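Read the structure below first, then the notes.
The values are calculated or read from the model by the stated rules, or taken from the named source; none is laboratory data. In this text, all values refer to a predicted model and were calculated from it rather than measured experimentally. Using ideal geometry, Cβ is built from the backbone for each residue, glycine included, and neighbour counts are taken over all protein chains shown. Remember, those area values only see protein heavy atoms, side chains included, never the ligands or the DNA or RNA. Shrake-Rupley method; radii C 1.70, N 1.55, O 1.52, S 1.80 Å.
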Amino acid sequence: RRVHGGLLLGGKMLCVFRTTTTTRVLGGPAVLKFSLLRRISSQQQQQCTPPHNKLKHAIEFVNYALHRPSILVVNTPIEQITNVKSCLDALVNKAAPAASAAPAASAAPASAAATLIDDDDVAAHHLFISKSIYIGLAPNYPRTLAFSHAQTAAKQIQQKQQTQSMQSIQSNNISTSLSEADYILGLLCLSGGKMEDLEFFEYDDDEDLEFVAVQDENGGVRLVEKGVDPATVGVPENPRKVVKEIVQQVKEAKSEAERSSGTTTTAAVTVTKCGQFDYDKIKFQKHVPTGLELLKKASAEYPHAQLLLGTFLLQGKGVDRNVDVGLELVRRAASTLGSAKRVLAHQIVMNLDDSNPNPTDVEKAVQLLNAACDEGDDAAPFFLYVLYSNGMYPSRDPSLADTFLELAVQRNNGIALYHSALIALNGDGDVPKDTNRYLELCRLAALVGHRDAAFCIGHSYFHGQDGAPVDLPLARKYFEIASKKKHVNALCSLAAMHFHGQGGPVDHRKAFDLYQIAALHDSVEAWRNLGAMYLHGHGVDKCEQTANHFLQLVQRVESGQITL
């Protein structure tokens, strides 16, 4: 047996073994379905589709891409995206031509807009506009437009429900519900209007914080945010987390100042006296409490909201951890979503007794994963690959495991792509090393948002290793992808490239900003470089006190006085 990888799933390290032993498969193989793009692809590529059908297909594609975003960056169907953009321009100009801010060159003729739009379901069109901008299909439109159209859709649907006692609006096979509008608004509030920022949402953006050192009354040095009155910020008690302590104290000071002045702008959404949601009070800003409130409202009947909120509750992300409520929401979503079935299976596996797993629970988990595979989920095949390779729960079956791994790769699952890339880079048993395959799989994994893959391939292009030539602009591109996912080493690498002008122009301020983000995630290397930049005034006002504070902190970490 040869260990070729250790995979961390929900806190458990599952080592993957290769073996020639073939044993019974518990739960049976999944019915593998390789038509991930389903019927949408063939239907939307028809050239002689009536205008209204073009809009219908555009809406279907955007709804599909919203929950499977890898389709937008891997094997992108150009015809479908072109159709989406054409319909989007027509609808935006029809709905609010003065506020769209769309370039004149992309605007569809008024006659096309009139042909495309059926006013019986305007709310669906508003949501289509919002989703298209949110998932990145319309970079020429501002994020504020995505928010305003989702807000308008929610208000229109609520008004129709109030006047006609309707639970949903249906017209020409396009269905729109208030829960769906709440879900989209919730995503916009959680992410700040950009899909790629949802995974790492925080209560506030810390990237713009800039610290300066001030002397306290005892002669000591402490950091405060630039422009903030030092008297409002307390002295950090724990030097191990000095940067995060200051960030938290600054936030608390700001919140207290807002409460005292009565100018708080981040209040949660309110409900009017008549019991209707007051959507006008929702402002476009990245605000987690409002986003969670909208998700909670949407979870009453919208499966994707149930799954997302349930996952947050299971992980304690943005909310207090509540496994029971989280599981109940996920179970409700699992009646229609394969991805929810996979989450349930994951919970079952994580709760198994490693020394004596319950066979009934194991079989239930495998059945759920098989069902998720059948329904097109991209992560379930990789989960099954891990289980069948490891053999900890179902019986070990290397052949079936490899089949599931290939299915996950075909479905552009980021973890599967990256794992297969590492196998290609290092070789595995009968699998020879193949650097070309490594670069291709790692490239695809990076494009679908796997931050470790993006950092690795960026590292390869920076150093000219692993079959890659030296290509600094390309290395910078992949470091940028990983940095958006808060990969600490990528943040430091990208900062260094900006500082030295590698792969692009010199930009000390950008380097400073990137090092600050890495410092907020406890990067000693970032602290060291921030100290140097404060010391020499590179990208920030020169401040020897702040520089010495960072450099002394690094010395204490390296000497073992502080343990991170």
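Extending 7 Å from the Cα toward the beta-carbon at both GLN555 and ASN358 defines two label points whose distance is 5.8 nm. Taken one residue at a time, the phi angles of the range 469-483 give Karplus couplings (6.51, -1.76, 1.60, θ = phi - 60°) of x, 5, 8, 5, x, 5, 4, 4, 4, 6, 4, 5, 4, 5, 5 Hz. Gly and Pro are set to x. For trypsin sites (Lys or Arg not before Pro), the sites in the range 463-564 that DSSP calls loop and that have at most 14 other Cβ atoms within 10 Å are LYS542.
For the range 449-564, the Kirkwood hydrodynamic radius from C-alpha pairs, put into Stokes-Einstein at 10 °C and a viscosity of 1.306 mPa s, yields a diffusion coefficient of 110 µm² per second. Placing unit charges on each Cβ (+1 for Lys and Arg, -1 for Asp and Glu) gives the range 323-363 a dipole about its Cα centre, and among ALA333, PRO357, VAL323 the Cα reaching farthest toward its positive end belongs to ALA333. Pairwise Cα separations in the range 483-544 fall into 5 Å bins from 0 onward with the following percentages, short to long: 4, 23, 31, 25, 14, 3, 0. By accessible area, using a 1.4 Å probe on protein heavy atoms only, the range 356-499 has 49% of its surface on carbon and sulfur. Let a ≥ b ≥ c be the square roots of the eigenvalues of the Cα gyration tensor of the range 322-420; is it rounded (a/c under 1.5), or, if not, prolate (a/b larger than b/c) or oblate? Oblate is the answer for the range 322-420, as a/c is 1.5 or above yet b/c matches or exceeds a/b. For the residues MET350, MET392, MET497, a 1.4 Å probe over the protein chains yields an accessible-area ranking, largest first, of MET392, MET350, MET497. Roughly how many Å is it from the Cα centre of the range 537-564 to that of the range 367-423, as a whole number? Each part's Cα centre sits 45 Å from the other's.
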